[in-house]
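Working notes, structure below.
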Amino acid sequence: SGGKSESRGALIVLEGLDRSGKTSQSSKLLTYLEGLGHSAELWRFPDRSTNVGQMISMYLSNKSQLDDHTIHLLFSANRWEKRSLMETKLKTGTTLIVDRYSYSGVAFSSAKGLALEWCKAPEIGLLSPDLVLYLDIQPEKAAERGGYGGERYEQLEFQKKVAKCYQVLHDASWKIIDACQPIEDIEKQLQEIVLDCVMTCQKGKPLSNLWS
Ligand code: FDM
């Protein structure tokens, strides 16, 4: 076996603080993979296009107030509502580059003081990424880049707490990339790691669920 039509896509997640460069590197990766002839899509969470996503967007822009647990579960629900499409895409050979995923969910909510295990629980059973790329930047450096858009979490003191939570959350499988390098250097590093992951998935690495 192993014909190209049978091979699955890879689930690749980018994580990091606000202004770490996730979003621009995600689109560069998409261009790169498409250029090599791979089927690929760029996704992001929160997905603000759904009803749940609109509630999240209202909350983030301070147009609504929600209890910390409630918004946490909405972020999780926003991933659950995309789970089956995600699985279909991967199984039919499309690689997904995902800008933020469950790790953002846990890091941002636990930074508010919610218990880590409580935060992880609703993510159980979502698809486990084949690769987590963490764009590592000191909160102070990220803040210097400017462009915090005025949304709820875009404040230095809070981002410092989020950085600590990401540190607790990450494991040996994450690829930690120094986000203060020149953009082209980061791009090259990511390309190499991502291509390797895409190939591994093509060869038949099975899909699995969080947390594993
Ligand atoms: N965020 C994002 C969360 O708090 N929980 C989540 O599950 C996700 C996916 O939402 F501050 C936070 C992270 C960020 C904000 O993200 C919006 P974008 O990437 O700026 O749209």
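The values are calculated or read from the model by the stated rules, or taken from the named source; none is laboratory data. Since we're looking at a predicted model, the values are computed, not measured. Here the Cβ positions follow ideal geometry from the backbone for every residue, glycine too, while neighbour counts run over all protein chains shown. Quick note on the areas: whole protein, heavy atoms, side chains included, nothing else; ligands and nucleic acids left out. Shrake-Rupley method; radii C 1.70, N 1.55, O 1.52, S 1.80 Å.
Among the residues of the range 62-76, those identified as of a type outside the set (Val, Ile, Thr), open to solvent by less than 40 Å² (accessible area, probe 1.4 Å) and within 11 Å of the ligand (Cβ to nearest atom) are His72, Leu74, Phe75, Ser76. Among residues of the range 174-189 that are exposed (fewer than 13 other Cβ atoms within 10 Å of the Cβ), none has a beta-carbon under 7 Å from a residue that is among the acidic types (Asp, Glu) and assigned to a loop (DSSP other than H, G, I, E, B) at least six positions away or on a different chain. Only one of the listed residues (Tyr153, Tyr59, Tyr103) is within 10 Å of the ligand (Cβ to nearest atom), touching a residue at least 12 places away in the same chain (Cβ under 8 Å) and open to solvent by 20 Å² or more (accessible area, probe 1.4 Å). That residue is Tyr153.
In the set (1) at pLDDT 95 or above; (2) not in a helix (DSSP H, G or I); (3) not aliphatic (A, V, I, L, M), the condition left unmet by Lys141 is number (2).
Would you confirm, using the coordinates I've provided, whether Leu73 is aliphatic (A, V, I, L, M) and part of a loop (DSSP other than H, G, I, E, B)?
no
Collect the residues in the range 31-56 that are of a type in the set (A, V, I, L, M), away from the ligand (no atom under 16 Å from the Cβ) and over 18 Å from the mean Cα position of the chain (by Cα), keeping them in residue-number order. The one that is of a type in the set (A, V, I, L, M), away from the ligand (no atom under 16 Å from the Cβ) and over 18 Å from the mean Cα position of the chain (by Cα): Leu36.
Scan the range 84-94 and give yes if some residue there is in a helix (DSSP H, G or I) and open to solvent by less than 30 Å² (accessible area, probe 1.4 Å), otherwise no. Scanning the range 84-94, I find at least one residue that is in a helix (DSSP H, G or I) and open to solvent by less than 30 Å² (accessible area, probe 1.4 Å), so the answer is yes.
Scanning the range 8-37 for residues that are surrounded by fewer than 19 Cβ atoms within 10 Å (Cβ to Cβ) and outside any helix (DSSP H, G or I) yields a total of 2. For the range 44-55, the count of residues that are closer than 20 Å to Ile193 by Cβ and in contact (Cβ under 8 Å) with a residue 12 or more places away in the chain is at least one. Going through (1) surrounded by 12 or more Cβ atoms within 10 Å (Cβ to Cβ); (2) out of contact with any Leu (no Cβ under 6 Å at 6 or more places or on another chain) one by one, Leu210 falls short only on (2). Scanning the range 106-133 for residues that are assigned to a loop (DSSP other than H, G, I, E, B), surrounded by fewer than 23 Cβ atoms within 10 Å (Cβ to Cβ) and more than 13 Å from the ligand (Cβ to nearest atom) yields Gly113, Ala115, Ile124, Gly125, Ser128.
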